[in-house]
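For reference, the structure discussed in these notes is given below.
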Amino acid sequence: MEKYILLYGDKKQEDNICIKNMFSNNLQINLGWTDFDYNANMKVIDEKVKNGINQIIFLGLEIGWNKLIKDVKKKYSNLKIKVICNTSDSLLYYEYERENFFELLELSRGKIIDEIGFFRKSQYEVYSSLGYNCSYLMQNYNLDEKNKITSKRENNTIDIGIYPLNYVWDKNIFNQLCIAKFVSNSNLNYNRLDERMEDFLVTMQIRSTPCKIERIDEQSIVKELAKNDVLVSTSFTEYMHPIFWLGMELGIPCIIGNTSDLFDENDEIRNYIVTEAEDNAIINSELVNKCIDNKKKIIALYKTWKEEYDKKAKENIQSFIEK
């Protein structure tokens, strides 16, 4: 395997949870707001190249990295440069996402970067058909054994966990909060990102317990997830699924939207945890009850599925690095 380094910023911390787990050789660099940031980042890259790195993988194209990548390519013409796309076409609604994505495509057309990695298979297929040199990356996660804590104590309450890590429209937050209204004897544990979430729950008379995840890291999130019987993470545009991975690795069923390429149509586990209606609280409350009634079966299906998925994902990542 080639000697690589994956560089990431602090713009999308929930993506970083997964990406650092997938690529062990990683390092955080600055977003390129100022000349100081540019110089600090270039110094890091100079040191890595001096130590034998022959490939740099960037997580996304964040502000200021466009110039950094161009200058690195001029300075080290034989250095492979790849970028993992950390957005989706639906998120091009945001100006920041759109500008950076179009710059990414321009760098690819100009042969300044060698390859783009996409987490969505459909996105990979579209841009590959348009002539871009790209790959499909299989997201994955393996929980650190030291953080595999025992989940919630047995009681008569059904604890439903909803932990969005960013307060934006595409996280589908309020549709998810509604779910507990239709689950008898339930309590909603949630990450309180904004006071409007609490106002909504009070108005809807939904029994709930807020928390505030201050640090977006494995240990902090796992501590909260473990309090629940079932988790819900049904955003509209997810391309990385940290709550799903952490929850399932803990042995807690996690319902996700139909926004991933994780499962084939024939994977039985799909029938229990994948919703086709991310914005329908009634349908998803029924899925919550289904998870409660079949928890042991779901986790057994997950373990069987994950064993095979791990092998494929490992090969997939190695192929991306070595390509």
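The values are calculated or read from the model by the stated rules, or taken from the named source; none is laboratory data. Predicted, not measured: the structure shown is a model, and the values here were computed from it. Note that each Cβ is placed from the backbone with ideal geometry, even for glycine, and that neighbours are counted across all protein chains shown. Protein only, heavy atoms only, side chains kept; ligands, DNA and RNA dropped before computing areas. Shrake-Rupley method; radii C 1.70, N 1.55, O 1.52, S 1.80 Å.
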Q: Just give me the residues in region 100-130 being surrounded by fewer than 17 Cβ atoms within 10 Å (Cβ to Cβ) and either in contact (Cβ under 8 Å) with a residue 60 or more places away in the chain or farther than 20 Å from LYS73 by Cβ (or both), in sequence order.
A: LYS121, SER122, GLU125, VAL126, SER128, SER129, LEU130
Q) What residue, among those in region 220-246 that are under 16 Å from the mean Cα position of the chain (by Cα) and part of a loop (DSSP other than H, G, I, E, B), is surrounded by the most Cβ atoms within 10 Å (Cβ to Cβ)? A) THR234
Q) Which of the following residues is in a strand (DSSP E or B), open to solvent by less than 60 Å² (accessible area, probe 1.4 Å) and of a type in the set (A, V, I, L, M): ILE299, ILE256, ILE317, ILE321? A) ILE256
Q. Of all residues in region 207-217, which are out of contact with any helix residue (DSSP H, G or I) (no Cβ under 6 Å at 6 or more places or on another chain) and either free of Cβ contacts under 8 Å to residues at least 12 places away in the same chain or crowded, with 17+ Cβ neighbours inside 10 Å (or both)?
A. GLU214, ARG215
Q | Residue count, region 1-37 (criterion: in a helix (DSSP H, G or I) and open to solvent by less than 50 Å² (accessible area, probe 1.4 Å)) | A | 8
Q.
Can you say whether GLU249 is more than 14 Å from the chain's Cα centre (by Cα) and either over 26 Å from PHE119 (Cβ atoms) or surrounded by 16 or more Cβ atoms within 10 Å (Cβ to Cβ) (or both), as far as the supplied structure shows?
A. yes
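Within region 196-205, is there a residue that is buried (at least 18 other Cβ atoms within 10 Å of the Cβ) and within 28 Å of ASN86 (Cβ to Cβ)?
Just the residues of region 196-205 that are buried (at least 18 other Cβ atoms within 10 Å of the Cβ), to begin with: 197, 201.
Of the ones still in play, those that are also within 28 Å of ASN86 (Cβ to Cβ) are 197.
So far as region 196-205 goes, yes, one or more of its residues are buried (at least 18 other Cβ atoms within 10 Å of the Cβ) and within 28 Å of ASN86 (Cβ to Cβ).
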Q. What's the number of the condition TRP245 fails, among (1) at pLDDT 95 or above; (2) farther than 23 Å from ASN86 by Cα?
A. (2)
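Criterion first (of a type in the set (A, V, I, L, M, F, W, C) and closer than 27 Å to ILE216 by Cα) does ILE252 satisfy it? Please lay out each step first, then the result.
Values: of a type in the set (A, V, I, L, M, F, W, C): yes; closer than 27 Å to ILE216 by Cα: yes.
So ILE252 fits the description; yes.
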Q: Output the residues belonging to region 53-70 that are over 27 Å from LYS171 (Cβ atoms) and open to solvent by less than 40 Å² (accessible area, probe 1.4 Å).
A: ILE53, GLN55, ILE56, ASN66, LEU68, ILE69
Q.
Against the definition (closer than 29 Å to ILE57 by Cβ, out of contact with any helix residue (DSSP H, G or I) (no Cβ under 9 Å at 6 or more places or on another chain) and surrounded by fewer than 20 Cβ atoms within 10 Å (Cβ to Cβ)), how does LYS311 come out, yes or no?
A. yes
Q: Just give me the residues in region 143-177 being open to solvent by less than 70 Å² (accessible area, probe 1.4 Å) and more than 23 Å from the chain's Cα centre (by Cα), in sequence order.
A: LYS152, ASN155, THR157, ILE158, ASP159
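Being hydrophobic (A, V, I, L, M, F, W, C) and without any contact (Cβ under 8 Å) to a residue 24 or more places away in the chain is the filter; apply it to region 259-287 and report the residue that is most open to solvent (accessible area, probe 1.4 Å).
If we filter region 259-287 for residues that are hydrophobic (A, V, I, L, M, F, W, C), which is where we start, we get 262-263, 269, 273-274, 277, 281-283, 287.
With the extra rule that they be without any contact (Cβ under 8 Å) to a residue 24 or more places away in the chain, the set shrinks to 274, 277, 283.
On the way: VAL274: 17, ALA277: 22, ILE283: 78 Å².
It comes out as ILE283.
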Q. Modelled with pLDDT under 95 and either open to solvent by 50 Å² or more (accessible area, probe 1.4 Å) or among the aromatic types (Phe, Trp, Tyr) (or both), is that true of TYR94?
A. yes
Q. From the list LEU193, LEU188, which one is in the same structural domain as MET240 (by TED's automatic domain parsing), surrounded by 14 or more Cβ atoms within 10 Å (Cβ to Cβ) and touching a strand residue (DSSP E or B) at 6+ places or on another chain (Cβ under 8 Å)?
A. LEU188
